[in-house]
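Q: Let me begin by handing over the structure; questions about it come next.
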Amino acid sequence: MKPIIIIPARLGSERLQSKPLLKMNGKAMIRHTVERVLQGGIEPVAVASDSNLVLDEIKDLKGAIPVITSPDHTCGTERVLEAYRILSKDLGEFDWIINVQGDEPFIEPDMIRALPAELEKRKNLAEFLTTVAELKDFEKEDRNVAKVVMDLKQNALIFTRDDIQCAYKHTSIYIYTPAFLQTFCSLPASPLEKAYSLEQMRALDNGYNLNCIPLPFDAISINTVEDLEKAKVEDYSFFEAR
């Protein structure tokens, strides 16, 4: 099995301007994210951005490949596809493309390490997978936290930002085969994708399986100014009590 990790990081953000460049303890958020992903041991790792300002933050990191992409993409998945097409010209084709969000500066390296074994187990279940974790009580009504309900085969039934029974927390890693990634990006934005601002609903609306990988690792995205202020402290325990 041959995976590649691509981290999309656009400069603009509706909720938090220039998010990848914002400093946490003196270091840009995108650099925190990439450093932790590199510790997970899967190579290669590429960062796809529409701005050289973002790529300059990681260009000296050994093992991180900067890829400049178009500013016109409507979602991170489209950016990942463009980056993959650029990279595969020199690196060849891969079996799996792992999309790690650029606003995950607390991502656990062990979460990355767990993926190859999970992908081997699930390779015949779906061409599109994502990670999930247990949903904490204080997150149930947080609309910044995407929730998912699964069937007995751990395929997603619905994603929502609302409080919903029997839900898991979506932990923001997407995994695709190259063929499915191209298919996904060829589809127009779907009704539920627009309603919930959750691009993974495009797959479900069009009848594709999205298999969920439950792992004992939380994900803490930086979505608001308040999240950023909290993240500037060295003690991260505040996330457990939010």
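Q: Before we move on, is E120 more than 22 Å from A179 (Cβ to Cβ), more than 18 Å from the chain's Cα centre (by Cα) and not polar (S, T, N, Q)?
A: no
Q: Given the conditions (1) part of a helix (DSSP H, G or I); (2) crowded, with 18+ Cβ neighbours inside 10 Å, report the number of the one that A126 does not fulfil.
A: The one condition A126 does not meet is (1).
Q: Can you tell me which residue is nearest to T131 (Cα to Cα) among those in region 212-238 that are at pLDDT below 90, aliphatic (A, V, I, L, M) and in a loop (DSSP other than H, G, I, E, B)?
A: Residue satisfying both the conditions and the ranking: A219.
Q: Additional query: Output the residues belonging to region 151-171 that are of a type outside the set (D, E, K, R) and not in a loop (DSSP other than H, G, I, E, B).
A: Answer for region 151-171, where residues must be of a type outside the set (D, E, K, R) and not in a loop (DSSP other than H, G, I, E, B): N155, A156, L157, I158, F159, T160, Y168, H170, T171.
Q: Moving on to the next point. Out of region 64-86, which residues are over 16 Å from F180 (Cα atoms) and polar (S, T, N, Q)?
A: Selection gives T69, S70, T74.
Q: Kindly indicate the residue of region 78-105 that is in contact (Cβ under 8 Å) with a residue 40 or more places away in the chain, of a type in the set (V, I, T) and out of contact with any helix residue (DSSP H, G or I) (no Cβ under 6 Å at 6 or more places or on another chain) and also surrounded by the most Cβ atoms within 10 Å (Cβ to Cβ) among those meeting that condition.
A: V80
Q: In region 172-211, which residues are outside any helix (DSSP H, G or I), modelled with pLDDT under 95 and either surrounded by 18 or more Cβ atoms within 10 Å (Cβ to Cβ) or in contact with a His (Cβ under 6 Å, 6 or more places away or on another chain) (or both)?
A: S172, L198, E199, Q200
Q: Output the strands (runs of 3 or more DSSP E) that fall wholly within region 1-109 and possess 3 or more residues being under 14 Å from S221 (Cα atoms) and polar (S, T, N, Q), or say none.
A: none
The values are calculated or read from the model by the stated rules, or taken from the named source; none is laboratory data. Since we're looking at a predicted model, the values are computed, not measured. Because the Cβ atoms are built from the backbone with ideal geometry, glycine has one as well, and the counts that use them run over all protein chains shown.
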